[in-house]
1. Does A:Asp99 count as in contact with a Lys or Arg (Cβ under 7 Å, 6 or more places away or on another chain) and closer than 26 Å to B:Phe79 by Cβ?
2. Could you run through the range B:160-199 and say how many residues are of a type outside the set (Ser, Thr, Tyr) and within 14 Å of another protein chain (Cβ to nearest Cβ)?
3. Condition (residue is among the charged types (D, E, K, R) and touching a residue at least 12 places away in the same chain (Cβ under 8 Å)) applied to the range B:56-64: is it met by at least one residue?
4. Take the residues in the range A:135-157 that are away from every other protein chain (no Cβ under 14 Å), touching a helix residue (DSSP H, G or I) at 6+ places or on another chain (Cβ under 7 Å) and of a type outside the set (Lys, Arg); name whichever of them is nearest to DNA strand C (Cβ to nearest atom).
5. What residue, of B:Ala89, B:Ala97, B:Ala122, is under 15 Å from B:Cys49 (Cα atoms) and touching a Phe, Trp or Tyr at 6+ places or on another chain (Cβ under 6 Å)?
6. Of the residues that sit in the range B:107-127 and are among the charged types (D, E, K, R) and either at pLDDT below 90 or more than 21 Å from the chain's Cα centre (by Cα) (or both), which one is nearest to DNA strand C (Cβ to nearest atom)?
7. Could you check A:Pro104 against (1) free of Cβ contacts under 8 Å to residues at least 60 places away in the same chain; (2) under 18 Å from the mean Cα position of the chain (by Cα); (3) more than 16 Å from DNA strand C (Cβ to nearest atom) and say which number it fails?
8. Of all the strands (runs of 3 or more DSSP E) wholly in the range A:1-57, which have at least 3 residues that are under 18 Å from A:Gln71 (Cβ atoms)?
Protein chains: 2
Amino acid sequence: MIGTAYIVDDDEAIRDALTWLFKSRMVASRAWHSAEAFLADWRNDLRGCLVLDVRMEGMSGLELFDFLSEQGSHMPVIFLSGHGDIPLAVAAVKKGAFDFVEKPFNDNELVDRVIQALAFDASRQVRRAGQASLDARIGQLTPREREVMARILDGKYNKVIADELNIAMRTVEVHRARIFEKMGVKSAVELAQLLSGRR
Amino acid sequence: MIGTAYIVDDDEAIRDALTWLFKSRMVASRAWHSAEAFLADWRNDLRGCLVLDVRMEGMSGLELFDFLSEQGSHMPVIFLSGHGDIPLAVAAVKKGAFDFVEKPFNDNELVDRVIQALAFDASRQVRRAGQASLDARIGQLTPREREVMARILDGKYNKVIADELNIAMRTVEVHRARIFEKMGVKSAVELAQLLSGRR
DNA sequence: TGCCGGGTTGCGGATATCCACAATGGCTGC
DNA sequence: GCAGCCATTGTGGATATCCGCAACCCGGCA
């Protein structure tokens, strides 16, 4: 299994129980006693899922979740709650929490959810990969090439682009060729497909 | 306000209270005593939102929600629940419910949520409109034109398309022109932009 | 000062696309 | 059977795109 379950709970008994539980099901895990302690070790490139206690001293699990979301993290989060607080659960899920589990929880079900979350994160990473390589390719375009590309994506003729940029058609052609080369496509249509949704 | 709040609850007191409440806030509403009764009047082109009791005799609110989803409905749904059942609430929200409110509910808050749901549905309808006109345009393409269009979107040259379909290049050109005309674009790139995401 | 990358341009030819005009064959419905 | 839609093809010319080859200008850098 790829990825680790990051446990944050102020109850040592729970931490120990979860750690042991995950170990028994071959799921890598690591535990912290507070959101603050966890954040000290946090890096945005970690792979896995979070298992957060909703209510904790200091920063709550929900606040931690919000904070990480703001930081651009999309790691799936499974909340553990000891209270039957529906508005809280609904709010968490609406904000994008992966799941919300009541204590006491069924051990097997929880691990199953965690494994689902890990798998989800793994597949998300795969999608990000293509995304990132695309960004990398866009990144190596020169400013001028980007100007030309924008106009190509508007479906404009080279002639029109040349007029708009006050340069010769031949120059546009050169840029166009370089853009296609750098972006790894061989036609404007492919370029449009590749960048559909972006911009 | 555009759209109606469709209430389904087997408790007459609740139905009356909600009807009166909505009326006082100028929100159009209509109420049914069961999911089955509601379905008898259901049409997929209704505008508004649903306010469903989770637990009812016969088909439950959750089942009704699932059924409507299967039927392709995307009308926002606000659940009302008299029980503090977190798994149920979480499951409903994960499936796309707009909200999940516990009874007894705060009148004003509920109406606010309903109004949010109505606004959400209204904006969704606007997006659907463009979508629908696009479908309509695709719909008036002949089968052959669709074959050609698929290949155009692959960035293939007319010559290649002609070979693949065993027809003359000229024929492909004709199809291509008709496709552009029917789809209301003037280049393959625009076509790709228009259809990005679909297919 | 010399090298290098980015932006620019010209020339000329091979390919492709865009289109008007014109026409044939098949199938469907009245 | 005729009208109408769809698919098909041809001719020929105007435009565009695609590219190799060659070259110039400029600013940053060793």
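1. The answer is yes for A:Asp99.
2. Number of matching residues: 20.
3. Looking through the range B:56-64, at least one residue is among the charged types (D, E, K, R) and touching a residue at least 12 places away in the same chain (Cβ under 8 Å).
4. From the range A:135-157, those away from every other protein chain (no Cβ under 14 Å) are A:135-147; that's our starting set.
Those still in the list that are touching a helix residue (DSSP H, G or I) at 6+ places or on another chain (Cβ under 7 Å) too: A:137, A:140-141, A:144-145, A:147.
Those still in the list that are of a type outside the set (Lys, Arg) too: A:140-141, A:145, A:147.
Working: A:Gln140: 8, A:Leu141: 8, A:Glu145: 5, A:Glu147: 8 Å.
Among them, the one singled out is A:Glu145.
5. B:Ala97
6. As a first pass, look at the range B:107-127 and keep what is among the charged types (D, E, K, R): B:107, B:109, B:112-113, B:121, B:124, B:127.
Right, trim to either at pLDDT below 90 or more than 21 Å from the chain's Cα centre (by Cα) (or both) and you get B:107, B:109, B:112.
On the way: B:Asp107: 58, B:Glu109: 55, B:Asp112: 52 Å.
The qualifying residue nearest to DNA strand C (Cβ to nearest atom) is B:Asp112.
7. (2)
8. A:48-53
The values are calculated or read from the model by the stated rules, or taken from the named source; none is laboratory data. Small disclaimer: the values here were computed from a predicted structure and weren't measured. Cβ: placed from backbone, ideal geometry, glycine included. Neighbour counts: every protein chain shown.
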